[in-house]
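To keep things clear, I will list the structure first and then write my remarks on it.
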Amino acid sequence: MSMPRKVRKAVFPVAGMGTRVLPATKAMPKEMLTVVDKPIIQYAVEEAMAAGIEEFIFVTGHGKSAIENHFDRAAELERALEERGKMAELKILRESLPPEGSVFYTRQRAPLGLGHAVWCAKGFVGNEPFAVLLPDDIIVSHKGNALKDMIALYEETGTSVTLVTDVPREHTRRYGILEPAGDATGQAVKAKNFVEKPDPKDAPSTLANVGRYVLSPRIFDFLDEKKAGAGGEIQLTDAMVELMHEEDFYAWRLHGERFDCGDKAGLVIANMAMALRRDDLRTQLMPALEALLESAQKGEKKCA
Ligand code: UTP
């Protein structure tokens, strides 16, 4: 029986502990922290909806029930908004939800790593290709929707694909870096390997993996082995590299921006960047940011 090519499902691993943004994540899932006026996870779900995803599979864990509540109707709130004539707010609430019956939850019982979180969704994914979106990364495509393009590549070729973006060479130690199989100049680059956090001098390219994947269900053959990798965690990258040895695997170059909300500075930067993109906030924000910068610079001078 041939494997289906259509990518209908997306997995959202949201079971991590978010230790880099403590204490914010002590009682609140990291994925529910806000960027402007939406929780981080909402950006990824909207991106998946825009890419044509039909089924949304969340891998949650202990203390993550706020995520389930967020993707449910809030009947009492909706009634109150209706009574007060707040129709614009009501529309925002309703439009932010994936259709009823399209959202599924499973639990990762311990945060053993991203690879293990994806493995936990195996029963929901079955024998179909699927997308994985790491909500920490907010992706702003300059043209269309990168995930949609990655899905189109999978549906055309049947090869798995992961998103990469160019980073300064001195930053390669922060990322999984692509080793291209040949020419690396096009938008789709054939992958040979991913090297975890290499020294700038050893990095095989400056293309860093970011949190979007479209994967063949064969990835589960390798995730089933539950081999611990870097940091003692079961890594998705390790299973991807094993898959690359058996099947073609592509990296898709992002034409756009990526904001990593997984640490404190990244979360603040994402808030500023997403607010500056908003017509309703930019005019208020620009002078405030300029004033803050000026006073910070003066402060620096005082300390010097
Ligand atoms: P991160 O490594 O950025 O998340 O994983 P984390 O472990 O929560 O963060 P820190 O390092 O402690 O601050 C990226 C995504 O994968 C999920 C996280 O919830 C996050 O959305 N994840 C990670 C899991 O679902 N399970 C895991 O075991 C690890």
* **Fraction of alpha-carbon pairs over 28 Å apart in the chain - percent** => 42 percent
* To do: Sum -39500 (n - 2.57) across every DSSP H segment of at least 4 residues in the chain, then divide by the residue count to get the 222 nm mean residue ellipticity, nearest 500.
  => -10500 deg cm²/dmol
* Of 112, 292, 236, which has the largest mean-square fluctuation in a 10 Å C-alpha GNM of the chain? -> 292
* Asked: Can you run phi through the Karplus equation (6.51, -1.76, 1.60; θ = phi - 60°) for segment 252-268 and list ³J(HN,Hα) in whole Hz, with x for Gly and Pro?
  -> 10, 6, 6, 9, x, 10, 10, 10, 8, 8, x, 10, 5, 4, x, 5, 5
* Asked: From Cα coordinates alone, what are the radius of gyration and Dmax values for segment 215-259 in angstrom?
  -> 12.6, 35
* Structure fact -> Ranked from fewest to most other Cβ atoms within 10 Å of their own Cβ, 150, 17 fall in the order 17, 150
* Asked: Which residue fluctuates the most in the chain, going by a Gaussian network model with Cα springs under 10 Å, if the choices are 180, 200, 287?
  -> 287
* Hey, any idea what Rg/Rh is for segment 28-84, computing Rh the Kirkwood way over Cα pairs? -> 1.01
* Asked: In segment 26-127, which GluC sites (Glu not before Pro) are in a loop and have at most 12 other Cβ atoms within 10 Å, using DSSP for the loop call?
  -> 100
* Would you kindly compute the Cα radius of gyration of segment 242-304 and its largest Cα-Cα separation (Dmax), both in Å? => 19.2, 60
* Asked: Using the Kirkwood radius built from alpha carbon pairs, what does the Stokes-Einstein equation give as D for segment 102-148 at 10 °C and 1.306 mPa s, in µm² per second?
  -> 123 µm²/s
* For the chain, what is the relative contact order in percent, using Cα pairs closer than 8 Å and at least 6 residues apart in sequence? -> 22 percent
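Coordinate-derived values only; no laboratory data. From a predicted model like this one, the values you see are computed outputs, not experimental measurements. Please note: Cβ atoms are built from the backbone with ideal geometry, for glycine as well, and neighbour counts cover all protein chains shown.
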